[in-house]
1. Does region 187-216 hold any residues that are hydrophobic (A, V, I, L, M, F, W, C) and either outside any helix (DSSP H, G or I) or surrounded by fewer than 24 Cβ atoms within 10 Å (Cβ to Cβ) (or both), and which are they?
2. Please go through region 133-161 and pick out each residue that is part of a helix (DSSP H, G or I) and under 16 Å from W66 (Cβ atoms).
3. Return the total of residues in region 235-246 being under 24 Å from the mean Cα position of the chain (by Cα) and open to solvent by 40 Å² or more (accessible area, probe 1.4 Å).
4. Return the residue satisfying two criteria in turn: it lies in region 151-172 and is of a type in the set (D, E) and farther than 15 Å from A102 by Cα, and of such residues it is surrounded by the fewest Cβ atoms within 10 Å (Cβ to Cβ).
5. Mind listing just one residue for me: the one in region 265-280 that is within 24 Å of W70 (Cα to Cα) and open to solvent by 50 Å² or more (accessible area, probe 1.4 Å) and, of those, nearest to the chain's Cα centre (by Cα)?
6. Which one of these does A77 not meet: (1) at pLDDT 95 or above; (2) open to solvent by 10 Å² or more (accessible area, probe 1.4 Å)?
7. Quick one: would you say R325 is in contact with a Pro (Cβ under 9 Å, 6 or more places away or on another chain) and basic (K, R)?
8. For the structure I just gave you, tell me whether I69 is within 19 Å of Y347 (Cβ to Cβ) and in contact with a helix residue (DSSP H, G or I) (Cβ under 7 Å, 6 or more places away or on another chain).
Amino acid sequence: LMGSIDNQRNPLDPSMIDLEDWADLTWYDTCDRDYTAFEYNGRNCGLLTSRRVMDTIPGASEKDGWYQIWANALRTAYGWIRFGLRTHDEEVVERAKGILNAVLVCPRNGGAFPAILELQEDGNVRWFNDDTWAGFKEEYHSVNMGWTGYWLLRWEDVCPESRDEIYQMCAELADFFVRNQNEDGCIPAWFTTELEAKREEFREFNAECSACALFLAEMYIRHGNKTYLECAEKVGRFILEKVLPRNRWFDLEAFLSCSPKPFDYYDAYTAQYPQCNMAQVFASQAFLVLYQATGDRFWLENGCGITDYTSLTQAVWNHLLIRKRPTLGGYTTQNTDGEWCDHRQDYMAVTFMEYYRLTGNMDYLERGIAALRAGFASYPYENFAHCGENGMNYISGVNWGIGTAQVSAEEMYPILGDIYMNLKYGHAIGVNAVTVTGFRKEGNELHLEAEVAEGMRNRLHVSVENANEEAKYSVYVNGVLAGSAGGAVLNQGGMDVTVTRTGSRRWPILP
């Protein structure tokens with residue numbers, strides 16, 4: 001990673017270098033293309049289409065809004081509104097709020113709610129309870145509701161005027177999960193419209209309910225109620241006691257998506273069960289939030305173990321036979337399918353960063369930045385090299401594509417900047433088209449050696465964490481004094497520096 005200066009470039013347009021270049025492409029060009037405003041239940045609503053319902057429902061329109069584990073428009077809109085707030089673009093803010101409004105006024109049923117809306121040609125709205133492509137569209141799916149509920153809670157930070165509505169919807173969902181949790185901690189996957197878990201598939205065993213634990217732990221942190229925390233911890237123990245011993249990472253994608261198979265499938269030759277890393281991604285995040293909720297290092301240590309396991313599905317090199325774009329940092333999906341640089345890597349980018357901040361394990365930070373860069377390298381596809389380098393490269397929309405990556409950038413850049421220093425751990429690393437080739441701390445002097453990608457601006461922001469607030473530091477870049485500041489100032493606002501040294505590309509861009 002330290003030599004991977006160009007890995008967020010994309011062969012379709014090598015001039016896209018800075019994360020702000022990608023922000024403009026995402027939040028203006030792509031969202032302008034995919035956004036539709038509409039009136040529903042007396043509210044100004046909006047959708048960012050994923051163009052997937054039309055593939056599975058005869059006569060369906062191209063305008064669909066997904067609140068599902070892959071293409072979750074509420075997560076996309078969270079990044080969109082953060083962009084609008086920091087750039088003071090009121091139109092962007094209002095459009096993003098339309099996505100939230102559509103969720104808040106969706107039809108609810110005892111805490112359960114649907115996953116997908118379709119805006120029909122006549123302006124009417126039709127809802128599907130589950131994924132129409134890899135699910136059971138008439139039934140409520142707990143993993144979709146858990147993931148969407150988690151992002152509803154995150155919206156409390158950027159849309160305070162909707163906090164009461166968000167809390168009410170999330171409390172109903174949390175109560176639904178508590179009521180329906182099995183004795184061993186598992187939460188069934190599918191529920192009928194009568195809210196009964198009749199479907200045998202994933203009723204007694206699934207790993208995807210880790211998304212429910214993530215939501216419940218976040219709900220406890222924000223609003224209390226020990227019952228929600230206890231429910232989340234029971235899910236966590238189910239993962240540790242029932243899933244981990246044989247790595248039975250069962251979720252919908254392992255059985256219903258691009259590699260369909262019977263729910264009782266087992267490969268006797270390799271002695272492996274189907275495994276999908278999306279359930280691992282949710283478990284990694286859930287254990288992190290459980291640690292934040294309890295302060296119990298049990299959850300942090302086990303979360304690190306799950307995070308390490310997800311790393312087995314992350315590329316740590318640029319594949320020599322996939323020469324049209326970099327692969328470093330990208331994620332594949334499961335042990336029975338083949339994709340490179342799938343956008344779940346963008347979820348893990350933020351999670352890796354947070355595990356680093358808690359542990360100081362530099363592997364996590366390097367993996368997180370590599371995952372962030374890979375999200376831009378894979379534009380405009382959901383993933384690539386699916387069934388061969390030139391096979392099945394699917395473009396579904398902003399919600400499982402460039403938007404997924406840019407949300408992570410909106411979360412990570414305010415913390416990491418262009419260059420990140422953590423003085424508690426003695427680390428520095430390049431983030432935004434820049435590589436730190438050397439770093440040392442000599443007393444209160446901080447010496448950086450850095451180079452920027454060809455074409456990148458040379459005025460960069462250095463973000464600093466864990467400086468001694470009583471000390472004054474001098475920052476040198478490539479041997480030149482860039483400036484001095486107190487530790488409190490650096491912790492709060494970092495420092496701008498100039499980097500004039502330019503690095504060369506590390507991978508070939510082929511026509």
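1. Matches in region 187-216: I187, A189, W190, F191, L195, A197, F202, F205, A207, C209.
2. In the first step, residues of region 133-161 are kept if they are part of a helix (DSSP H, G or I); the result is 142-155, 160-161.
Answer for region 133-161, where residues must be part of a helix (DSSP H, G or I) and under 16 Å from W66 (Cβ atoms): V143, N144, M145, G146, W147, T148, G149, Y150, W151, L152.
3. Restricting attention to region 235-246, the residues satisfying the condition of being under 24 Å from the mean Cα position of the chain (by Cα) are 235-240, 243-244.
Right, trim to open to solvent by 40 Å² or more (accessible area, probe 1.4 Å) and you get 237, 244.
Looking only at that region, the number is 2.
4. Kept after step one, since they are of a type in the set (D, E), are these residues of region 151-172: 156-157, 161, 164-165, 172.
Adding the requirement that they be farther than 15 Å from A102 by Cα leaves 156-157, 161, 164, 172.
Details: E156: 16, D157: 12, E161: 7, D164: 10, E172: 16.
Step by step, filter region 151-172, then rank; the result is E161.
5. Of the residues in region 265-280, the ones within 24 Å of W70 (Cα to Cα) are 265, 273-280.
Next, from what is left, pick out any that are open to solvent by 50 Å² or more (accessible area, probe 1.4 Å): 265, 273.
On the way: Y265: 29, Y273: 25 Å.
For region 265-280, the residue satisfying everything is Y273.
6. Only one criterion is unmet by A77, namely (2).
7. On the way: in contact with a Pro (Cβ under 9 Å, 6 or more places away or on another chain): yes; basic (K, R): yes.
Judged against the criteria, R325 is a match.
8. yes
The values are calculated or read from the model by the stated rules, or taken from the named source; none is laboratory data. Nothing here was measured: the structure is a model prediction, and the numbers come from that model. Positions of Cβ are backbone-derived with ideal geometry, glycine not excepted, and every protein chain shown enters the neighbour counts. Keep in mind that these areas ignore ligands, DNA and RNA; they rest on the heavy atoms of the full protein, side chains included. Shrake-Rupley method; radii C 1.70, N 1.55, O 1.52, S 1.80 Å.
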